[in-house]
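Worksheet: one structure, shown below.
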Amino acid sequence: MKGPKEIEPSKRLGVLLVGLGAVSTTFIAGVHAIRKGLAAPTGSLTQMGAIRLGKRTDGRSPLIKDFVPLAALDDLVFGAWDIFSDNCYEAASTAGVIEPTLLGQVRPELEAIKPWPAVFDQRYVKRLNGPNLKTGGSKRELAEQIITDIRSFKATNNLDRLVMVWCGSTEIFMKETKLHESLEAFERGLAESDDAIPSSMIYAYAAIKEGIPYANAAPNLSADIQVLEELALETGAPLAGKDLKTGQTLIKTIVAPGLKARLLGVAGWYSTNILGNRDGEVLDDPESFKTKEESKKSVLDYILQPDLYPTLYSDLHHVVRINYYPPRGDNKEGWDNIDLVGWLDYPMQLKINFLCRDSILAAPIVLDLVLLLDLAARAGMKGIQEWLSFYFKSPIHARGLYPEHDLFIQLMKLKNTLRYLRGEELITHLGLEYYD
Ligand SMILES: NC(=O)c1ccc[n+]([C@@H]2O[C@H](COP(=O)([O-])OP(=O)(O)OC[C@H]3O[C@@H](n4cnc5c(N)ncnc54)[C@H](O)[C@@H]3O)[C@@H](O)[C@H]2O)c1
């Protein structure tokens, strides 16, 4: 086993959030409430999770936050961009996720966070428009304005380090083109305001150029293009994405590996949701929905591996729907009907009705990503961080590799990466030594 990696100590960490909507405000308000001892960080692996070290008989299972040197919640400082100028308290009240009493207890901290004008173009998010926008000649100039915001936030708050997370709306479905392959072509595209560069890519470019870790909480094409992956290796920026694994897809990646483990066939998997927040409204546009649909649908193919198990999974009918239904706000309801096949091809059904809260599931993931990406940067890890797949519906991965979607393999990979960083034995679960 190699010795531990050199990891710089953590100091004040700036958290740059693109979009100050339901997810961002629930995350920020939650961190302030937890700091004040008003609530627990439930759902956060970095705050509540333990990690086993050594043999099962060793009795060593420290908390992850005591095992690796993560930034403390008290050291986080928040900054954000949004197309609306509401401060974080007003935006959290509009999102309506956290009830007013708790929100009132962190009000001054939230009111102090006022979003900077955004880089936004309605062609990429059709159902949205707002007044708090940057103006500038080209996309290149807009990227420069983002970099200026970042640098002045860092200087004003005396920050040592930064992390950026795209928590903005889901942009329309786009594919990689030639322009996304070389830095020269991409930077020319910025100067010429090429349509192949959506707003999220401008933020991602600015962060990566500055060597800042970048995560994409949404499913749209952003930093997952060849040129930005290469730039990240040059500047030392770790990357993670994309599309937070919450709600229905989280449950799917818990249930599907179990069915496959027992070699139960799946003839069909019908998933539908009702959702009434702004995200639901944006996803009501077919072009934004297409981005989300692609992200949600790929999961089963990779977990069930129909190429290896054609009899069980090659005829699977997988349908995913999201219906915008305002009365529910952020409280999403998901239904899954799974048509199973057992011994001698006897059919069975499994029904799942999940009454969840979208942003309550997403906020602890954003916290973990911020802390783990900062840890990765301090440990000298750059480019795609596949060990953070645990948090995403469409995990980014090295080209030529297929993504790992099974939640339990993802968790093992994450914990083994932490063990590796600290020079601990990796755990294989072989366990023969207990019977020698
Ligand atoms: N909540 C979840 O569980 C979850 C899970 C997976 C992915 N996501 C994705 O995370 C993103 C945020 O979700 P949400 O529920 O907070 O949505 P939201 O609509 O409440 O917030 C998005 C915010 O981004 C702002 N925005 C849009 N484009 C912007 C731009 N170019 N620059 C700056 N701000 C911009 C919007 O004005 C809005 O305030 C969405 O893309 C959503 O699909 C959410």
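The values are calculated or read from the model by the stated rules, or taken from the named source; none is laboratory data. Just so we're clear, the structure is a prediction, and the values are computed from it rather than from any experiment. Please note: Cβ atoms are built from the backbone with ideal geometry, for glycine as well, and neighbour counts cover all protein chains shown. Each accessible area value is taken on the protein alone, full model and side chains, heavy atoms only, with ligands, DNA and RNA left out. Shrake-Rupley method; radii C 1.70, N 1.55, O 1.52, S 1.80 Å.
Filtered by the rule that a residue be more than 10 Å from the ligand (Cβ to nearest atom) and more than 17 Å from the chain's Cα centre (by Cα), the stretch 199-227 gives 205, 206, 209, 210, 211, 226, 227.
Out of the residues in the stretch 153-183 that are over 18 Å from residue 235 (Cβ atoms) and open to solvent by less than 10 Å² (accessible area, probe 1.4 Å), state the one that is farthest from the ligand (Cβ to nearest atom). Per the stated criteria, the residue is 171.
Here are some residues: 275, 228, 244, 263. Which one is aliphatic (A, V, I, L, M) and on the phi > 0 side of the Ramachandran plot? Before you say what the answer is, go through the steps one by one.
Details: 275 fails: on the phi > 0 side of the Ramachandran plot; 228 fails: on the phi > 0 side of the Ramachandran plot; 244 fails: on the phi > 0 side of the Ramachandran plot.
Result of the check over 275, 228, 244, 263: 263.
Please enumerate the residues belonging to the stretch 9-62 that are without any contact (Cβ under 8 Å) to a residue 12 or more places away in the chain and open to solvent by less than 10 Å² (accessible area, probe 1.4 Å). Selection gives nothing. Contact map, the stretch 326-351: first residue within 16 Å of the ligand (Cβ to nearest atom), second residue in a strand (DSSP E or B) and open to solvent by 100 Å² or more (accessible area, probe 1.4 Å), Cβ cut-off under 9 Å, separation 6 or more or different chains; pairs are 331/355; 332/355; 333/355; 334/355.
Looking at the structure I just gave you, is residue 398 aliphatic (A, V, I, L, M) and surrounded by 23 or more Cβ atoms within 10 Å (Cβ to Cβ)? No, not satisfied. The set of residues from the stretch 377-395 being of a type in the set (Phe, Trp, Tyr) and either open to solvent by 10 Å² or more (accessible area, probe 1.4 Å) or in a helix (DSSP H, G or I) (or both) comprises 387, 390, 391.
Among the residues of the stretch 1-50, the ones that are in contact with a Leu (Cβ under 9 Å, 6 or more places away or on another chain), of a type outside the set (Ser, Thr, Tyr), modelled with pLDDT of 95 or more and assigned to a loop (DSSP other than H, G, I, E, B) come to 5 in all. All but one of (1) in contact with a helix residue (DSSP H, G or I) (Cβ under 7 Å, 6 or more places away or on another chain); (2) outside any helix (DSSP H, G or I); (3) in contact (Cβ under 8 Å) with a residue 40 or more places away in the chain hold for residue 321; which doesn't? The failed condition is (1).
Yes or no: the stretch 218-226 includes at least one residue that is closer than 19 Å to residue 184 by Cβ and touching an Asp or Glu at 6+ places or on another chain (Cβ under 7 Å).
So far as the stretch 218-226 goes, yes, one or more of its residues are closer than 19 Å to residue 184 by Cβ and touching an Asp or Glu at 6+ places or on another chain (Cβ under 7 Å).
Candidates 406, 358, 374: the one that is among the charged types (D, E, K, R) and open to solvent by less than 10 Å² (accessible area, probe 1.4 Å) is 374. The set of residues in the stretch 249-259 being within 16 Å of the ligand (Cβ to nearest atom) and open to solvent by 10 Å² or more (accessible area, probe 1.4 Å) consists of 250, 251, 254. Pairing each residue of the stretch 260-285 that is free of Cβ contacts under 8 Å to residues at least 60 places away in the same chain and surrounded by fewer than 18 Cβ atoms within 10 Å (Cβ to Cβ) with any residue that is of a type outside the set (Val, Ile, Thr) and not in a helix (DSSP H, G or I), provided the two are 6+ apart or on different chains, yields C-beta distances under 9 Å for 263/309.
No other residue among 206, 155 is touching a residue at least 12 places away in the same chain (Cβ under 8 Å) and out of contact with any His (no Cβ under 9 Å at 6 or more places or on another chain) apart from 206. When the stretch 58-105 is filtered for residues that are part of a helix (DSSP H, G or I) and of a type in the set (A, V, I, L, M), the ones remaining, listed by number, are 64, 73, 91, 92, 95, 102, 103.
Yes/no per residue for (1) modelled with pLDDT under 95; (2) among the hydrophobic types (A, V, I, L, M, F, W, C); (3) open to solvent by less than 10 Å² (accessible area, probe 1.4 Å); (4) within 19 Å of residue 399 (Cβ to Cβ):
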residue	(1), (2), (3), (4)
192	no, no, no, no
197	no, yes, yes, no
202	no, yes, yes, no
210	no, no, no, no
214	no, no, yes, yes
218	no, yes, yes, no
227	no, yes, yes, yes
234	no, no, no, yes
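Restricting attention to the stretch 418-435, does a residue exist that is over 25 Å from residue 11 (Cβ atoms), aromatic (Phe, Trp, Tyr), free of Cβ contacts under 8 Å to residues at least 40 places away in the same chain and open to solvent by 70 Å² or more (accessible area, probe 1.4 Å)? Yes, there is a match, as at least one residue in the stretch 418-435 is over 25 Å from residue 11 (Cβ atoms), aromatic (Phe, Trp, Tyr), free of Cβ contacts under 8 Å to residues at least 40 places away in the same chain and open to solvent by 70 Å² or more (accessible area, probe 1.4 Å).
So, in the stretch 1-54, of the ones that are small (Gly, Ala, Ser), touching a strand residue (DSSP E or B) at 6+ places or on another chain (Cβ under 9 Å) and away from the ligand (no atom under 16 Å from the Cβ), which residue ends up farthest from residue 368 (Cα to Cα)? In this case the residue turns out to be 54.
Return a yes/no flag: does the stretch 353-364 have any residue that is away from the ligand (no atom under 15 Å from the Cβ) and aliphatic (A, V, I, L, M). Checked the stretch 353-364: no residue is away from the ligand (no atom under 15 Å from the Cβ) and aliphatic (A, V, I, L, M).
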